[in-house]
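The values are calculated or read from the model by the stated rules, or taken from the named source; none is laboratory data. Please read these numbers as outputs of a predicted model, since none were measured by experiment. All Cβ positions, even for glycine, are placed from backbone atoms using ideal geometry, and neighbour counts span all protein chains on display.
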Amino acid sequence: MIVGVIGSGSIGPDLAYGFVSAIAKDGGKVYLHDIRQEALDAGLARIRGYVFKALSRGKLSEKAAKAVEKALVPTLRAEDLAECEYVLEAATEDLPIKRRILANVERIVRPDCLIGFATSGIPRAEIARDAVHPERCFVNHPFYPAWRSPPVEVVGSEDAALTARMVATLERLGKVPIITADVECFAADDIFCNYVSEAARIVQEGVATAAQVDAIVHDAIAGGGPLNVMDLTRGNLLTKHCQELMRDAKTGSAWFEPPSILAEVGNGLWHNPKARGDGRYTPELAQLVLDRILAVLFARTLFVADNNICAPADLDWLSRMSLGFRAGLLSLAEEYGAARVQELILNFAAKYPGFPVPPSAAAGTLPSFKKHVLVERDGELAVVRVFRPEVKNALNRATLLELDQTMIELEADTSVKGVVLSSFGGSLAGADIGELAALPDPEACEAICNFGHGIFQRIEAMTKPVVAAVDGPVLGGGAELSMACHGRIVGPALTLGQPEVNLGIIPGYGGTQRLPRLVGLERANELLRTARTLGAAEAVSSGWASAPVAEDVVAAAKALIGEHLAGRVTLAPVNPAPMDVPAQLPAVSLGHRSLAIDAILRDVMLRGLALPLAEGLKVEAQGFGRCKRTVDLDIGMKNFTQNGPRVPAAFLHE
Ligand SMILES: NC(=O)c1ccc[n+]([C@@H]2O[C@H](COP(=O)([O-])OP(=O)(O)OC[C@H]3O[C@@H](n4cnc5c(N)ncnc54)[C@H](O)[C@@H]3O)[C@@H](O)[C@H]2O)c1
């Protein structure tokens, strides 16, 4: 892929570094274009600094660092962008400049080149007003630090296919696109800029100092404090600009007027880095500040939700990821309760004329939505996606509960004839290790397995075909969820495995019982006991996958369900009948793995597989509970959480 970034100011170089990190290994190239040599030099120096840091921390190999340097091309010549298939304009936040750049880019690039605007708040319709091909122009609003912050707000165009290509392109560049409406400041900057402006007003009025505001807000909801974030991003003037956009919008009012202190601080700092102010505060001051800040945060969040500027699940995720709060803002609102949220907003509105009260706040309601599971319909089919991209869609308890509820609803919905079960990007990275590590005793361990078994058995028992569509890492609980489906489609990036024994546990969501029934006892014996991973080709040849490897796993899963509904193939759960089990399992080379855990695993396989599946699952749950009695479970879990998956645990075999 060949990509161009226009503008080498605060954010352009970060965007270019993020993109080049995603595509350099596959031979991609990123142009970084500016009209000023000193801007290019400064941008390049910053990128070299990132590469150096990543190298010295061991996060980047010498080879990868060289590939990054080679693939990044700084240029003063806009004509160099001619070969790009995507150009992101991240130049000065000024409408006439953006329009001029767009006119020039359209003249230079190929007809099929996608064009993004990194604008913080100017609607797409405004920037693309005079475009020759507005249908290939999109808002692509990134977040600080743009080289590693996943979300990008996307305002789509009237062309659904081009919008889908825009979304896919950003995903390929390592981003998580979030669709928003084409309104001033979209979703996140409406909330963020109003939040920062309220903090600035509090300081301007002398109610609290910048240090106190930041301490109070960070202690309550995290996020680093609004004015600290301004110092990091030098964003005062951009915030002022966004406030003016919102003030002058159809939904605007005088309340959005930016406080004058934003311009006064300007490109300067709220905090003196050499002599930080005293952030201590009294409970009374905290309440005063928080009531104002939370009223603004919740009211603007509900405004975005009420006006369908962004889907609630996306909004919740976006506000957590882009603003760094300890939870998404809709989740935080739930935590405070609809009545308290309403009280905060109405009290604030009574004091500050022109402050818009969103309808849901007036009614005292909050949107109800699933946080981690998204469902889309395609005719008779439903596509269910686990959406926790920041943890490769790991299946924590809350996600499993939402998945269960979703499947129950789809089973009851007579208009649905089949279900594709997938995730953002296709990965399903297993259970939530933090949750497993926190289980207090063997009974709790057994109970969590039975909880998972219940959900997976309901999926297995669905009367409609359910096909898992997976790509990328599909490990532990993610692989087990896929095996509870009636068919599996895998993509080329698949890394499939049951790595539990590396952590001092055994699979507990059905892996010990369903994997042998799918791929045969001999192969499963090796895979389960050694934690070896398989790629896509072996997943197909071993019978784990139901069809050849597919580039587009969701499309292939839909097609497979279509074949089943037409009676040309049969999709079914794994055969639940008892298996023929030998007296002993063939020996495998365990390497460093725990002999104590291996003994439990062998016992669970030999006894469980000789029983019908439902009974075998109970044996597995008990076995998982027994792991908790070993010393090796603690060693494996601690090693994983402290050192990550690559460092072998020093098991004691007891
Ligand atoms: N800074 C952030 O944290 C942030 C976050 C999200 C979005 N954005 C958006 O990204 C865009 C850039 O923001 P910034 O903060 O990096 O701005 P900036 O003012 O720091 O940098 C803008 C750069 O654009 C260059 N430029 C101006 N005209 C140009 C032209 N015709 N061709 C090529 N380059 C040109 C300038 O020389 C300058 O280097 C803005 O639209 C802004 O709203 C910024």
- [ ] Could you please give the count of residues in the range 251-284 that are within 32 Å of the chain's Cα centre (by Cα) and away from the ligand (no atom under 16 Å from the Cβ)?
- [x] 4
Open item on the list: Need the failing condition index for GLY543 against (1) among the small types (Gly, Ala, Ser); (2) outside any helix (DSSP H, G or I); (3) buried (at least 18 other Cβ atoms within 10 Å of the Cβ), just the number.
Closed with: (3)
- [ ] Name, by its number, the condition in (1) under 30 Å from LEU560 (Cα atoms); (2) among the charged types (D, E, K, R); (3) modelled with pLDDT of 95 or more that does not hold for ASP316.
- [x] (1)
Task: Tabulated pairs, the range 236-258, first farther than 18 Å from ASP182 by Cβ, second crowded, with 16+ Cβ neighbours inside 10 Å and among the β-branched types (Val, Ile, Thr), C-beta under 6 angstrom, 6+ apart or interchain - done: ASN236/VAL265; THR239/VAL196
Open item on the list: Which count do you get for residues in the range 80-95 that are more than 18 Å from VAL3 (Cβ to Cβ) and either of a type outside the set (Ser, Thr, Tyr) or in a strand (DSSP E or B) (or both)?
Closed with: 3
- [ ] Go through the range 221-234 and give me each residue that's hydrophobic (A, V, I, L, M, F, W, C), within 16 Å of the ligand (Cβ to nearest atom) and surrounded by fewer than 19 Cβ atoms within 10 Å (Cβ to Cβ).
- [x] LEU232
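Give the residue, chosen from PHE355, PHE387, that is in contact (Cβ under 8 Å) with a residue 12 or more places away in the chain, in contact with a Phe, Trp or Tyr (Cβ under 8 Å, 6 or more places away or on another chain), aromatic (Phe, Trp, Tyr) and not assigned by TED's automatic domain parsing to the domain that holds PHE298. Lay out the reasoning, then the answer.
Values: PHE355 fails: not assigned by TED's automatic domain parsing to the domain that holds PHE298.
Testing whether each residue is in contact (Cβ under 8 Å) with a residue 12 or more places away in the chain, in contact with a Phe, Trp or Tyr (Cβ under 8 Å, 6 or more places away or on another chain), aromatic (Phe, Trp, Tyr) and not assigned by TED's automatic domain parsing to the domain that holds PHE298 leaves just PHE387.
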Open item on the list: Can you tell me which residue is farthest from ALA67 (Cα to Cα) among those in the range 1-57 that are surrounded by 14 or more Cβ atoms within 10 Å (Cβ to Cβ) and among the basic types (Lys, Arg)?
Closed with: ARG46
Task: Odd one out for ALA429 among (1) touching a helix residue (DSSP H, G or I) at 6+ places or on another chain (Cβ under 9 Å); (2) at pLDDT 95 or above; (3) among the hydrophobic types (A, V, I, L, M, F, W, C) - done: (2)
Open item on the list: I'd like to verify a number: residues in the range 82-94 that are aliphatic (A, V, I, L, M) and near the ligand (Cβ under 10 Å from one of its atoms), how many?
Closed with: 3
TODO: Pull up the range 244-284, narrow it to residues that are closer than 18 Å to GLN212 by Cβ and of a type in the set (Ser, Thr, Tyr), then point me to the one that is surrounded by the most Cβ atoms within 10 Å (Cβ to Cβ).
DONE: TYR281
Open item on the list: Filter the range 426-444 down to the residues that are within 18 Å of LEU401 (Cα to Cα) and surrounded by fewer than 16 Cβ atoms within 10 Å (Cβ to Cβ) and list them by number.
Closed with: GLY434, GLU435, ALA444
Task: Some residue of the range 432-445 being at pLDDT 95 or above and among the hydrophobic types (A, V, I, L, M, F, W, C) - done: yes
- [ ] Taking LEU237 as the residue in question, decide whether it is surrounded by fewer than 22 Cβ atoms within 10 Å (Cβ to Cβ), in the same structural domain as ARG326 (by TED's automatic domain parsing) and either farther than 26 Å from LEU332 by Cβ or within 16 Å of the ligand (Cβ to nearest atom) (or both).
- [x] yes
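Among the listed residues SER542, SER546, which satisfies the condition of being in contact with a Gly (Cβ under 6 Å, 6 or more places away or on another chain) and farther than 29 Å from THR641 by Cβ? Lay out the reasoning, then the answer.
Numbers: SER542 fails: in contact with a Gly (Cβ under 6 Å, 6 or more places away or on another chain).
Matching residue, one of SER542, SER546: SER546.
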Task: Elements of type strands (runs of 3 or more DSSP E) in the range 107-220, at least 2 residues being within 16 Å of the ligand (Cβ to nearest atom) and more than 19 Å from the chain's Cα centre (by Cα) - done: 114-117, 137-141
